[in-house]
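Reviewing the structure listed below.
Read-outs throughout are calculated quantities, based only on the coordinates presented, and are distinct from any laboratory measurement. Since we're looking at a predicted model, the values are computed, not measured. Cβ sites come from the backbone with ideal geometry, for glycine too, and all protein chains shown count toward neighbours.
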Amino acid sequence: MGKRHEASKVEPLVTCIVDAILDKKGKEVTSLQIGKLPNAVCDYFVICHADSTTQVHAIAENIEIKIHEAFGEKVWKSAGYDNSIWVVLDYVNVAVHVFQTEWRNFYKIEELWADAPIKKYSDEPELTVKKTATRSKKVTIQ
């Protein structure tokens, strides 16, 4: 069996995975903290999708490279590279699901773990809303 990470090392692992996904333009990057739920298979799921099998493959490959560079670790198990419609990378505490868009919409993993705390990630800069001063009309009641 793969080596479990200490709790303090799981968050940096998730962060590195998310960064690797965003580097390759993965879409709707989400983490589900499932570790405290009944029947949880790991601490976190990280989920994303891409429009092509080529991009799915590239995202999964980039995750493996970035985790190895940052932590010196290799993926414990992986599946799905042969067709790249759904690649799963198992880092023991964290399972990564990289889907082709239509398959993510079909399987809806987030709905299966709906009780889990969820976090969404984006590399889009935060939009700042500029408030414009509005003048209110003075209403007089007679």
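Checking each residue in the stretch 16-48 for being in contact with a strand residue (DSSP E or B) (Cβ under 7 Å, 6 or more places away or on another chain) and basic (Lys, Arg) picks out only LYS27.
Listed conditions (1) assigned to a loop (DSSP other than H, G, I, E, B); (2) under 20 Å from ASP123 (Cβ atoms); (3) polar (S, T, N, Q) are all met by ASN83, apart from (2). Among residues that are in contact with an Asp or Glu (Cβ under 6 Å, 6 or more places away or on another chain) and either in a helix (DSSP H, G or I) or surrounded by 15 or more Cβ atoms within 10 Å (Cβ to Cβ) (or both), VAL46 is not included. Within this structure, SER31 fails the test of being out of contact with any Cys (no Cβ under 7 Å at 6 or more places or on another chain) and without any contact (Cβ under 8 Å) to a residue 40 or more places away in the chain. Taking the condition touching a helix residue (DSSP H, G or I) at 6+ places or on another chain (Cβ under 8 Å), within 17 Å of ILE21 (Cβ to Cβ) and among the small types (Gly, Ala, Ser), does ALA60 pass? The answer is no for ALA60. Among the residues of the stretch 55-90, the one identified as touching a residue at least 60 places away in the same chain (Cβ under 8 Å) and out of contact with any Lys or Arg (no Cβ under 9 Å at 6 or more places or on another chain) is LYS77.
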